[in-house]
1. May I ask you to give the solvent-accessible area per residue for the chain, in square angstrom, as obtained with a 1.4 angstrom probe?
2. Grab the Cα-Cα distance for residue 29 and residue 111, subtract it from 0.36 nm times how many residues apart they are, and report the gain in nm with one decimal.
3. For an R0 of 41 angstrom, estimate the FRET efficiency from the Cβ-Cβ distance between residue 104 and residue 11 and round to the nearest 0.05.
4. At 222 nm, what value in deg cm²/dmol follows for the chain if DSSP H runs of at least 4 each add -39500 (n - 2.57) and the sum is divided by all its residues, to the nearest 500?
5. Can you compute the charge dipole magnitude of the chain about its Cα centre, using +1 on each Lys and Arg Cβ and -1 on each Asp and Glu Cβ, nothing else charged? Give it in debye, rounded to the nearest 20.
6. Per q in 0.10, 0.11 Å⁻¹, report the Debye log10 I(q)/I(0) for the chain, using one uniform scatterer on each alpha carbon and no solvent.
7. Which log10 I(q)/I(0) values, to two decimals, does the stretch 78-133 give at q = 0.15 Å⁻¹ under the Debye formula with one point per Cα?
8. Order the peptides 115-124, 1-10 from the highest to the lowest mean number of other Cβ atoms within 10 Å of their residues.
Amino acid sequence: MKQFAIGAFIIIAIIQWFVPGKMIWDKEAVLRKGKIFNFRTEPVDPSHPFKGRYIALSFKENKFTTTSPHSALLNYGEAFVLLEKDRDGFAKIKNVVKQKPDAALDYVQASISYIDRKKDTAVIHLQYPFDAFYMDEFKAPKAETVYRESTRDSTQKTYVVVSILNGDAVIKDVMINDQSIRQAISQMDGAE
């Protein structure tokens, strides 16, 4: 019985290390091998009691208009967002589908949060899985302030760099006028 308990303990310990290790490995693979998309952002603010301080992200490219208002796409739940880049290099929704696309396409899995139905069209509102950028507890409030101010100023170019691979997405950085938000708050600290 003692050998069984020791064996069970070892197996459980291995599983406890394997699961988070696999999650980290998968996210790192997306960062290394994924295609980069820049998503324009809009303002928001927050904190999570377990995950810590973060910048809440809202994206301008989060709606898709379909001319088939009776399609299966108009059911809530998960959907796959096919992406392309616009002429300025920012992410643009090419299509939204319910079936998982071919791995050769650039796509991300998202949730349909709201559908605005009209007579001949429907506007599908999407929620991406990457809507929070976590930071150091002490830097996050400053970063949130810098981010909020830049999204309210139409002369500023604020966007999120996201790496996408086979439907998985990982945020690489938040950018303000092509500068990392980390650099922006470091400059802010230097000016004080």
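The values are calculated or read from the model by the stated rules, or taken from the named source; none is laboratory data. In this text the structure is predicted, and so the values were computed from the model without any measurement. A quick note on method: Cβ atoms are made from the backbone with ideal geometry, for glycine too, and the neighbour counts reach across all protein chains shown. Ligands, DNA and RNA are excluded from the accessible area calculation, which covers all protein heavy atoms including side chains. Shrake-Rupley method; radii C 1.70, N 1.55, O 1.52, S 1.80 Å.
1. 62 Å²
2. Working: separation 82, 0.36 × 82 = 29.52 nm, distance 2.30 nm.
Between residue 29 and residue 111, full extension yields 27.2 nm more.
3. Details: r = 39 Å, r/R0 = 0.94.
Efficiency at R0 = 41 Å is approximately 0.60.
4. -10000 deg cm²/dmol
5. It works out to roughly 480 debye.
6. Results for the chain at q = 0.10, 0.11 Å⁻¹ read -0.52, -0.61.
7. -0.49
8. The peptides rank, most packed first, as 115-124, 1-10.
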